[in-house]
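Asker: Would you mind keeping the following structure in view while I ask a few things?
The values are calculated or read from the model by the stated rules, or taken from the named source; none is laboratory data. Predicted, not measured: the structure shown is a model, and the values here were computed from it. Note that each Cβ is placed from the backbone with ideal geometry, even for glycine, and that neighbours are counted across all protein chains shown. Ligands, DNA and RNA are stripped out before the accessible areas are found, and what is left, the full protein with its side chains, is counted by its heavy atoms. Shrake-Rupley method; radii C 1.70, N 1.55, O 1.52, S 1.80 Å.
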Amino acid sequence: MRLLVTGGAGFIGSNYIRYALSAHPDCYIINLDRLTYAGNLENLKDIESSARYEFIKGDICDRKLLEDLEFDAILNFAAESHVDRSILDAAPFLQTNIAGTHTLLETARQRGCILVHVSTDEVYGSAEKGLFSENSPLLPNSPYAASKASSDLLVRAYVETHGVRAMITRCTNNYGPYQFPEKLIPLVILNAISGKPIPVYGDGMNVRDWIYVEDHCRAVDAVLHRGRAGEIYNVGSGNEMPNIELIRLLLGKIADELGMHEKDGLSGLITFVKDRKGHDRRYAIDPAKIERELGWRAETGFEDGITRTIRWYIDNRRWWERIISGEYMKYYDVQYGERLGR
Ligand code: NAD
Ligand code: DAU
């Protein structure tokens, strides 16, 4: 099978490519990525010379480029993915997440090929209580979430109108190796290692459900190979935690890994700052459908996954030092300068 993986130089896409190349000896992967600030070919250094892999620098909005490529299925990981950036400027989110998905749908329609569209639990909005199912209403609260919900609706329309064989996954918060440092878990790890303040939005009681990235990759793969066309699959691990609890747990583990003692005071870095606008209080989904229909379930315990993740960031200093020394600091200053009183 020739797979077109879009956004394969990002966090989840690069983990997926590594997983698929090892799980399916017969698959060939074309990685199409625009290499935005979040795309990084170093994420794929270990597999870049594989005879079953090629990289193409390009935009998912480029219809002509897509017409020239040969593949049997599309896995769409490409997106603008960070909520805080969508609050600063929504325009790139509308372009890539909506117009880009539309281009991929037109391509899938023309080719008659399968499209797996990687979406998010954020399309359901905030879960005040209970769990969201695939039939829950779409109530997105951030420009990022609204752009993903819009793309999901386009997928639905192309399934209904044109019979495109598309499926949607909606996953909870991922963590693991190669996650860009703007996201909460790597941000906490890097700031703790560097002795920098750790910004906690609001009262720190917003709840997220954390899943190890490899488990998400296996879910996307299960949907590609065994999913029913036109269906939506929620993906989660039932590992809900308030942010402040997660941060304290992380700091304890980081101190252990670095051989530090409580007196070294990592918890003193915790700094409560002005809340994110429109901040969803809780995300929680019910993964019963994908478990029942496709036999998938999250396999990585949080303890194991988070220890592996912390060790990866400690061992891969060069990877993240390059990122935080460049453009990233300009974003960091805009996002956190005032919040941290600088
Ligand atoms: P990421 O920001 O790390 O990576 C996105 C990748 O897409 C980058 O390599 C970037 O260069 C590429 N890209 C952006 N615009 C593009 C364009 N126009 N054309 C081609 N490539 C483009 O994101 P991620 O965290 O890996 O998320 C991947 C997907 O999974 C996204 O669709 C996101 O909405 C979804 N998702 C993420 C999470 C999470 O916790 N990170 C959870 C659920 C769903
Ligand atoms: O739920 C899936 C979504 O998870 C994905 O669709 C998104 O692409 C992904 O970015 C993630 O969104 P969140 O907004 O939940 O993730 P983030 O890591 O940005 O924030 C997690 C929580 O931590 C959230 O409640 C906001 C809070 N936070 C975040 C940052 C960056 C802080 O308190 N301080 C911070 O500095």
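Asker: Restricting the first residue to the stretch 214-230 and requiring it to be open to solvent by 10 Å² or more (accessible area, probe 1.4 Å), which pairs with a second residue that is among the polar types (S, T, N, Q) meet a Cβ separation below 7 Å and a spacing of at least six or different chains?
Answerer: Final answer for the pair search is 214/15; 214/300.
Asker: Continuing with this model, one more query. If you take the residues of the stretch 49-75 that are in contact with a helix residue (DSSP H, G or I) (Cβ under 7 Å, 6 or more places away or on another chain) and more than 25 Å from residue 169 (Cα to Cα), which of them is most open to solvent (accessible area, probe 1.4 Å)?
Answerer: Selected residue: 52.
Asker: Give 23, 38 a once-over and let me know the one that is among the small types (Gly, Ala, Ser) and surrounded by 17 or more Cβ atoms within 10 Å (Cβ to Cβ).
Answerer: 38
Asker: Just checking, does the stretch 99-114 include any residue being within 16 Å of ligand 2 (Cβ to nearest atom) and either closer than 20 Å to residue 168 by Cβ or out of contact with any helix residue (DSSP H, G or I) (no Cβ under 9 Å at 6 or more places or on another chain) (or both)?
Answerer: Yes, the stretch 99-114 contains a residue that is within 16 Å of ligand 2 (Cβ to nearest atom) and either closer than 20 Å to residue 168 by Cβ or out of contact with any helix residue (DSSP H, G or I) (no Cβ under 9 Å at 6 or more places or on another chain) (or both).
Asker: Let me ask another. Could you look through the stretch 76-100, keep only residues that are open to solvent by 20 Å² or more (accessible area, probe 1.4 Å), over 27 Å from residue 3 (Cβ atoms) and not hydrophobic (A, V, I, L, M, F, W, C), and pick out the one that is farthest from ligand 1 (Cβ to nearest atom)?
Answerer: Among those that are open to solvent by 20 Å² or more (accessible area, probe 1.4 Å), over 27 Å from residue 3 (Cβ atoms) and not hydrophobic (A, V, I, L, M, F, W, C), it is 89.
Asker: Picking from 103, 120, which residue would you name as being within 26 Å of residue 144 (Cα to Cα), touching a strand residue (DSSP E or B) at 6+ places or on another chain (Cβ under 8 Å) and within 15 Å of ligand 1 (Cβ to nearest atom)?
Answerer: That would be 120, the only listed residue that is within 26 Å of residue 144 (Cα to Cα), touching a strand residue (DSSP E or B) at 6+ places or on another chain (Cβ under 8 Å) and within 15 Å of ligand 1 (Cβ to nearest atom).
Asker: Filter the stretch 128-145 down to the residues that are touching a residue at least 40 places away in the same chain (Cβ under 8 Å) and within 17 Å of residue 276 (Cβ to Cβ), then identify the one that is farthest from ligand 1 (Cβ to nearest atom).
Answerer: Per the stated criteria, the residue is 141.
Asker: Scan the stretch 299-318 for residues that are farther than 22 Å from residue 247 by Cβ and in contact (Cβ under 8 Å) with a residue 12 or more places away in the chain and report the count.
Answerer: 1
Asker: Answer yes if at least one residue in the stretch 265-285 is surrounded by fewer than 21 Cβ atoms within 10 Å (Cβ to Cβ), at positive phi and modelled with pLDDT under 95, and no otherwise.
Answerer: yes
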